[in-house]
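The values are calculated or read from the model by the stated rules, or taken from the named source; none is laboratory data. Just so it is clear, the structure is predicted and the values come from calculations on it, not from any experiment. Here the Cβ positions follow ideal geometry from the backbone for every residue, glycine too, while neighbour counts run over all protein chains shown. Ligands, DNA and RNA are stripped out before the accessible areas are found, and what is left, the full protein with its side chains, is counted by its heavy atoms. Shrake-Rupley method; radii C 1.70, N 1.55, O 1.52, S 1.80 Å.
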Amino acid sequence: MTDKTLHIVGGGMAGSEAAWQAANLGINVVLHEMRPKVETFAHQTGNFGEMVCSNSFRSDDDEQNAVGLLHWEMRAADGLVMSAADANKLPAGGALAVDREAFAEYITAKINAHPNISVEFGEIDALPKDGMWIFATGPLTSPTLGAAIAAETGTDRLAFFDAIAPIVYADSINMDIAWLQSRYDKGETEDEQKAYLNCPMTKEQYEAFIDALAEAEKTEFHEGETAGYFDGCLPIEVMAERGRETLRFGPMKPVGLTNIHDPENKPYAVVQLRRDNKLGTLYNIVGFQTKMKYGAQTEVFKMIPGLEDAVFARLGGIHRNTFLNSPTLLDDQMRLKSRPNIRFAGQVTGVEGYVESAAMGLLAGRMAAAELLGRDLPPPPFTTAMGALINHITGGAEAKTFQPMNVNFGLFPPLDGMRGGRKGRKERYKGYTDRAKEDYNQWLDGQS
């Protein structure tokens, strides 16, 4: 290929990570972003890497958790997203949470300052026939581009719905009712052990809350749309429809917490809020993604003890999530089989979660750079977190039932001689992560 320029469409986490990786390998990158010229329902700014749902990257435990292992792998590869997260992290117990505005500003500054990256604003609405391209347009792929992708692949685009949790101003929360504590006091510092704000409910308050969820006015889907939700991001009212106790065993579970205002009585249910910025002025309601209409949200959420006078910086919402049937459409280099000059990366490939999306951007950027440099870059071994993900989306999953997937140890090849079941889980997970780190380092060393 004579043109050594790599074009990347989409300035979210996957696109930004892909641009960073390729540029660091000496490739000239043009990053195309339609915002702020073309807005989306969920985005609030024109910054790169903007977080539109939670501000959490989930567990940072790289010995016992698959997503924590993925964090480790991205750090080892000089990942921009993990660098931004580490520079802007907030206390969150054993999780990695970030100040979302500072996080996006960090990524934007790094992209704009890189000598090998140029930015062009405007919508790309077709699949180019020439040049090398990565499409990392995420769950909010524009309708025009979505139609072009569907026309090329010969299939209807698949979709489920992502719901966004609301954010509350901290000074509007009643601390005579709420208290600060991470579940099981998890965390090494006092800030981490008090990273969550807890609102307790009695049985009567919980029952009334469930009734209000059922009766609240919800967002209606457009004609022809179906609600194929991803189970890891269910709206709370959908969870409540699955059983009155579902929320008590999900985001509202009361375990591992002691109400400092009434330590003798265990709450029947607890609503947790997690700090959303470094100033501690904003808190998001954990697990409270919702498709309730705005008026209904304010009424229902103010039923939560401690939030009676809550002022919302952002209410929840719902948006369509577009993704490819990647097992049938992409090769193991993440290239579109019918148009090998085009790669896809990020959530549009059928991975779910910020880190998983960014990881696929990291791989796509490195693979495209290698191809432009005339080199061969095989996917990471399936024993690694990245390798397990790319294997899943490019052939390991069943195409007929393909749905977005978070990284998890169920995607990893089994370990010989390891005890199964819950009792052997700790040793088994440590075995997975030890093996993954060794294999991943060998993969990285091979690229040098």
- Task: Could you please let me know if Leu282 is closer than 30 Å to Glu356 by Cα, surrounded by 19 or more Cβ atoms within 10 Å (Cβ to Cβ) and modelled with pLDDT under 95?
- Result: yes
- Out of (1) within 22 Å of Ala85 (Cβ to Cβ); (2) open to solvent by 20 Å² or more (accessible area, probe 1.4 Å), the odd one out for Pro414 is which? (1)
- Task: Scan (1) over 14 Å from Ala178 (Cβ atoms); (2) out of contact with any Phe, Trp or Tyr (no Cβ under 9 Å at 6 or more places or on another chain); (3) at pLDDT 90 or above for the single condition Val270 breaks and write down its number.
- Result: (1)
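Give me the residue from the stretch 190-221 that is within 13 Å of Ala95 (Cα to Cα) and either modelled with pLDDT under 90 or open to solvent by less than 20 Å² (accessible area, probe 1.4 Å) (or both) and, out of that set, farthest from the chain's Cα centre (by Cα).
Within the stretch 190-221, the first condition is being within 13 Å of Ala95 (Cα to Cα), and the residues that meet it are 191-196.
Cutting the leftovers down to either modelled with pLDDT under 90 or open to solvent by less than 20 Å² (accessible area, probe 1.4 Å) (or both) gives us 191-192, 195.
Working: Asp191: 24, Glu192: 21, Ala195: 20 Å.
Restricting to residues being within 13 Å of Ala95 (Cα to Cα) and either modelled with pLDDT under 90 or open to solvent by less than 20 Å² (accessible area, probe 1.4 Å) (or both), the top hit is Asp191.
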- Message: Scan the stretch 344-360 and tell me whether some residue there is without any contact (Cβ under 8 Å) to a residue 40 or more places away in the chain, surrounded by 24 or more Cβ atoms within 10 Å (Cβ to Cβ) and within 22 Å of the chain's Cα centre (by Cα).
- Response: no
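If you go through the stretch 172-184 one residue at a time, how many are of a type outside the set (A, V, I, L, M, F, W, C) and either open to solvent by 90 Å² or more (accessible area, probe 1.4 Å) or touching a Ser or Thr at 6+ places or on another chain (Cβ under 9 Å) (or both)?
Taking the stretch 172-184 first, the residues of a type outside the set (A, V, I, L, M, F, W, C) are 172, 174, 176, 181-184.
Filter once more, keeping what is either open to solvent by 90 Å² or more (accessible area, probe 1.4 Å) or touching a Ser or Thr at 6+ places or on another chain (Cβ under 9 Å) (or both): 176, 181, 184.
Qualifying residue count, the stretch 172-184: 3.
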- Message: I'm trying to understand the selection: among the residues of the stretch 104-123, which are more than 18 Å from the chain's Cα centre (by Cα) and among the hydrophobic types (A, V, I, L, M, F, W, C)?
- Response: Ala109, Ile111, Ala113, Ile117, Val119, Phe121
- Would a scan of the stretch 52-69 turn up a residue that is touching a strand residue (DSSP E or B) at 6+ places or on another chain (Cβ under 6 Å), hydrophobic (A, V, I, L, M, F, W, C) and open to solvent by 20 Å² or more (accessible area, probe 1.4 Å)? yes
- So Met367 clears everything in (1) farther than 16 Å from Asp439 by Cα; (2) under 18 Å from the mean Cα position of the chain (by Cα); (3) crowded, with 17+ Cβ neighbours inside 10 Å except one condition, right? Which one? (2)
- Task: Just give me the residues in the stretch 80-89 being surrounded by 24 or more Cβ atoms within 10 Å (Cβ to Cβ) and either on the phi > 0 side of the Ramachandran plot or in contact with an Asp or Glu (Cβ under 8 Å, 6 or more places away or on another chain) (or both), in sequence order.
- Result: Leu80, Val81
- Residues located in the stretch 285-307, provided they are buried (at least 24 other Cβ atoms within 10 Å of the Cβ) and among the polar types (S, T, N, Q): Gln289, Thr290
- Residues of the stretch 141-155 being over 21 Å from Gln333 (Cβ atoms), assigned to a helix (DSSP H, G or I) and open to solvent by less than 30 Å² (accessible area, probe 1.4 Å), which ones? Leu145, Gly146, Ala148, Ala150
- Residues that are surrounded by 23 or more Cβ atoms within 10 Å (Cβ to Cβ) and within 22 Å of Met334 (Cβ to Cβ), drawn from the stretch 104-132: Ile107, Ile111, Met132
- Task: Consider Glu101 carefully, then state whether it is part of a helix (DSSP H, G or I), crowded, with 24+ Cβ neighbours inside 10 Å and under 20 Å from the mean Cα position of the chain (by Cα).
- Result: no
- Task: Show the residue pairs that are 6+ apart or on different chains and have beta-carbon atoms under 7 Å apart, the first residue being within the stretch 242-255 and within 17 Å of Lys266 (Cα to Cα) and free of Cβ contacts under 8 Å to residues at least 60 places away in the same chain, the second being among the aliphatic types (A, V, I, L, M) and part of a loop (DSSP other than H, G, I, E, B).
- Result: Pro251/Val286
